[in-house]
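A quick write-up on the structure given underneath.
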Amino acid sequence: MFARHNLLTIDDLTNAEIEQTLSTAQSFKEINEREIKKLPTLRGLTVINAFFEPSTRTRTSFEIAGKRLGADVINFSSSGSATAKGESLADTAATLDAMACDIVVVRHRYSGAPALLAGRMRGHIINGGDGMHQHPTQTLLDLFTMQEHIGTVKGKTIGIVGDIAHSRVAGSLAPALKRLGATPVFIAPPTYLPAVPEELGAEVAYALDDILADLDVVYLLRIQGERADGRAVPSLREYATHFGMNRLRMERLGAGAIVMHPGPMNRGVEISADVADDARCVVLDQVTAGVAVRMALMYLMVGGGTDVAAT
């Protein structure tokens, strides 16, 4: 049985729990393809989306997921909350706890913010992305998407390309891939690599063209301008020339290889417009998977069983 009260990092989940979440998400994906998508699973429960950073995909998919499960979903951002008046995160946690919230999804610019809430609240806490630390539900939906397109990730090589040093997506995806038997490879200029990449379980390559034909997945990351202290490459044009995924590089991919991106995409930088619209670029499948995976996670957290259809 799924036994996690909170999801703060991908390391909180065992391999069996990851597989259970992905299997349950498959059932919810099928439900999401029906004409009537609503279920009563979380009826009477309250989900709070506490987003202290801008978000489109993560916040919206959590909102849709909660509503499709029958929960009352409330969204608030830092600009519309008391934090804009100087309230501490600890006091915000105490306030939400006093309102008996059942699930709180938190996104914050500071690493460790979800853990702080988890230590002060009785409800379930889900990390929706914290600083440059982790984004565990993004990793789950990425694994779901890979599973649908390339089968098991065991034995596969996944190239994670771009601004890895500032990416919470890479911070959770690489160790999860390593645990599940894949070979994650960081591909970036040295200025965009973490100080000790091997701590995340990844190999390192400095030239995309040298490894392109060996990749089963090309996972592109945007340059995190809001987190980087100054530009770490001479120009965006030069970055696109050496690390951007374009038509010529697409033609060198192996049969069955796919291109992924957590969004938002910067067309013309890490990905060209024609690649973004190519059938082997599965970005929209990742978005679809996000709703199903987040439904599955909330369902399992509140004690849902294995028979989703019975709900």
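The values are calculated or read from the model by the stated rules, or taken from the named source; none is laboratory data. Fair warning: this is a prediction, and the values are worked out from it, not measured in the lab. Neighbour counts are summed over all protein chains in view; Cβ atoms, including those assigned to glycine, are modelled from backbone coordinates with ideal geometry. Accessible surface is based on the protein model in full, side chains and every heavy atom, while ligands, DNA and RNA are left aside. Shrake-Rupley method; radii C 1.70, N 1.55, O 1.52, S 1.80 Å.
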- [ ] Considering only residues that are touching a Ser or Thr at 6+ places or on another chain (Cβ under 9 Å) and open to solvent by 20 Å² or more (accessible area, probe 1.4 Å), look in segment 5-19 and name the one that is farthest from P114 (Cα to Cα).
- [x] D11
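Listed here are the residues, each with its yes/no results for (1) modelled with pLDDT under 95; (2) open to solvent by less than 70 Å² (accessible area, probe 1.4 Å).
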site	(1), (2)
D229	yes, no
A232	yes, yes
R237	yes, no
N246	no, yes
E251	no, no
D277	no, no
Y299	no, yes
Open item on the list: Going residue by residue through segment 190-206, is there one that turns out to be open to solvent by less than 20 Å² (accessible area, probe 1.4 Å) and of a type in the set (V, I, T)?
Closed with: no
Task: Residue that is of a type outside the set (K, R) and either free of Cβ contacts under 8 Å to residues at least 24 places away in the same chain or more than 15 Å from G290 (Cβ to Cβ) (or both), where the choices are A71, A25 - done: A71
Open item on the list: Residues that are on the phi < 0 side of the Ramachandran plot and surrounded by fewer than 19 Cβ atoms within 10 Å (Cβ to Cβ): list the strands (runs of 3 or more DSSP E) wholly contained in segment 41-148 that include at least 3 such residues.
Closed with: 72-77
Task: Which listed residue is of a type in the set (V, I, T) and within 19 Å of the chain's Cα centre (by Cα), from V196, V169, V204 - done: V169
- [ ] Looking only at segment 211-227, count how many residues are under 27 Å from G151 (Cβ atoms) and either modelled with pLDDT under 95 or of a type in the set (G, A, S) (or both).
- [x] 1
Open item on the list: Looking only at segment 28-38, count every residue that is open to solvent by less than 30 Å² (accessible area, probe 1.4 Å) and over 24 Å from N127 (Cα atoms) and tell me the total.
Closed with: 1
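To keep it simple, each residue is scored yes or no on (1) touching a Ser or Thr at 6+ places or on another chain (Cβ under 9 Å); (2) within 20 Å of E19 (Cα to Cα); (3) among the charged types (D, E, K, R); (4) at pLDDT 95 or above.
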{"position": "H149", "(1), (2), (3), (4)": "no, yes, no, yes"}
{"position": "I158", "(1), (2), (3), (4)": "yes, yes, no, yes"}
{"position": "G171", "(1), (2), (3), (4)": "yes, yes, no, yes"}
{"position": "K178", "(1), (2), (3), (4)": "no, yes, yes, yes"}
{"position": "G181", "(1), (2), (3), (4)": "yes, yes, no, yes"}
{"position": "P189", "(1), (2), (3), (4)": "no, no, no, no"}
TODO: Return the only residue of G119, G131, G112, G151 being under 25 Å from M295 (Cβ atoms) and small (G, A, S).
DONE: G151
Task: Every residue from segment 135-164 that is without any contact (Cβ under 8 Å) to a residue 40 or more places away in the chain and of a type in the set (G, A, S) - done: G151, G155
Task: Count of segment 255-292 residues which are closer than 18 Å to I150 by Cα, outside any loop (DSSP other than H, G, I, E, B) and of a type in the set (A, V, I, L, M) - done: 7
Task: Enumeration of residues in segment 253-275 that are buried (at least 16 other Cβ atoms within 10 Å of the Cβ) and closer than 21 Å to A213 by Cβ - done: L253, A257, I258, V259, M260, H261, E270, I271, S272, V275
Task: Residue count for segment 149-190, restricted to those that are over 17 Å from I258 (Cβ atoms), of a type outside the set (K, R) and in a helix (DSSP H, G or I) - done: 7
